[in-house]
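Right, one structure below, let's go through it.
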Amino acid sequence: MDKLTMTEKLVAAKLEKGVTWEVAGEALGMSPVWLASACLGMNSAPAEKAKAISEYFGLDEEVATALEVYPTKIWDQAVPTDPLIYRLYEVVGVYGETLKEVIQEKFGDGIMSAIDFSMEVDKIEDPKGDRVLLTLNGKFLPYKSW
């Protein structure tokens, strides 16, 4: 089974079960952000987690096996038109150079890891309109000199 078919089955099972990623993550003892990413095919799951996810959603061993497969992390290089995803591109487009400047001023010449990384998505209720809080937590990796 390929990752696309796996994702279609998992998303359909999630809808049928009527749960959120938050609820599923809590039931499985997993980060809801990581769980969604694995189910959408952008991360691989260790065997025990793949089995637990598949069983939770009532799916077969084929789905569990597909969850274990290392993904090829590619995405469309065009600017997306989905408004939410586009706005994230806009944030990086407008503030990317600023983030790079501030990070490198604080840490030195290097990058933030997307491998040794975690992410949280939180909702902050506000009378003027609810707020989205994204926390991106990546290890700093300095460039080496040789």
What's the number of the only condition in (1) surrounded by 12 or more Cβ atoms within 10 Å (Cβ to Cβ); (2) not in a strand (DSSP E or B) that Lys106 fails to meet? (1)
Tell me which of these Val132 doesn't satisfy, since it passes every other one: (1) among the β-branched types (Val, Ile, Thr); (2) closer than 30 Å to Glu48 by Cα; (3) part of a strand (DSSP E or B). (2)
Please identify the pairs in which a residue from the range 122-137 that is within 20 Å of Leu99 (Cβ to Cβ) has its Cβ atom under 6 Å from the Cβ atom of a residue that is among the polar types (S, T, N, Q) and surrounded by 10 or more Cβ atoms within 10 Å (Cβ to Cβ), counting only partners at least 6 apart or on another chain. Asn137/Ser118
Ala114: modelled with pLDDT under 95, within 24 Å of Ser44 (Cβ to Cβ), out of contact with any helix residue (DSSP H, G or I) (no Cβ under 8 Å at 6 or more places or on another chain) and aliphatic (A, V, I, L, M), yes or no? yes
Residues of the range 69-87 being of a type in the set (Phe, Trp, Tyr) and modelled with pLDDT of 90 or more, in sequence order, are Tyr70, Tyr86
Within the range 100-123, which residues are within 20 Å of the chain's Cα centre (by Cα) and closer than 19 Å to Leu88 by Cβ? Ile111, Met112, Ser113, Ala114, Phe117, Ser118, Met119, Glu120, Val121, Asp122, Lys123
So which of Leu136, Leu84, Leu88 ends up being loosely packed, with under 10 Cβ neighbours inside 10 Å, closer than 30 Å to Ala13 by Cβ and aliphatic (A, V, I, L, M)? Leu84
Please count how many residues of the range 53-66 are buried (at least 19 other Cβ atoms within 10 Å of the Cβ) and either aliphatic (A, V, I, L, M) or modelled with pLDDT under 95 (or both). 4
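The values are calculated or read from the model by the stated rules, or taken from the named source; none is laboratory data. Bear in mind that the values here come from a model prediction, so they are computed numbers and not experimental data. Counting neighbours? That spans all protein chains shown, and the Cβs are built from the backbone with ideal geometry, glycine included.
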